[in-house]
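Here, each number is a calculation from the coordinates, and none is a lab measurement. Only a predicted model underlies this, so the values are computations on that prediction, with no experimental measurement involved.
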Amino acid sequence: MAFLRSTSGYDPAPVISGRGVFLRSPTYSDYVEWAMLRGESRSFLTPWEPSWPADDLTRSAFRRRIRRYHQEIREDRAYPFFVYRAGEAVLVGGITLSNVTRGMTQTGTIGYWMGERYANNGYMTAALTALIPFAFGILHLHRLEAACLVHNAPSRKVLQKVGFREEGLARGLVCINGRWQDHVVYGLLADDPKPWEC
């Protein structure tokens, strides 16, 4: 994995290169590609995400989203990235390190989504594998957390593949698609084994 400097636009987080993918923070110019991918994947994503606001795919809502992203990065609270297939620079999904907490805990929470046509091709495993060294090595976090719906087998498999350990059940953790639902919680420590390096 490599951490590269941005070459265009306002990009306050590094570009992260992984196996077959690269991650970079979103910019205003990403709107059309993002809206198309999210729009065409809506029925695929809806069972796994909080309810979308009525204006979610509008340009004005995207501008607000980007402004929030940039502020969160500046304040060291979250690091959102779009995931691109390397070579063609095609947007395939997104991954975010959020809820960054300093002080005694040094933790962050991982969340991600994938466009329907790119699912089950290993892109999210590659993106998560690339993000972990950034979280531990560059941000110096000690612990990463992630939570999945109990019945979301593909997402749970991604986490397990890169070394996250199942830690328990969080009842009614997130309101998904209009209903509070239980999630399985996973954790990864900076000094845990790194299966992707084996």
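Per-structure values
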{"item": "Globularity ratio of segment 2-148, using Cα Rg and 2.2 N^0.38 Å", "result": "1.00"}
{"item": "DSSP H segments from the chain that extend 20 Å or more along their own axis, Cα-based, with Kyte-Doolittle mean of 1.6 or above", "result": "none"}
{"item": "Normalised contact order of the chain, rounded percent, pairs of Cα under 8 Å and 6 or more residues apart", "result": "19"}
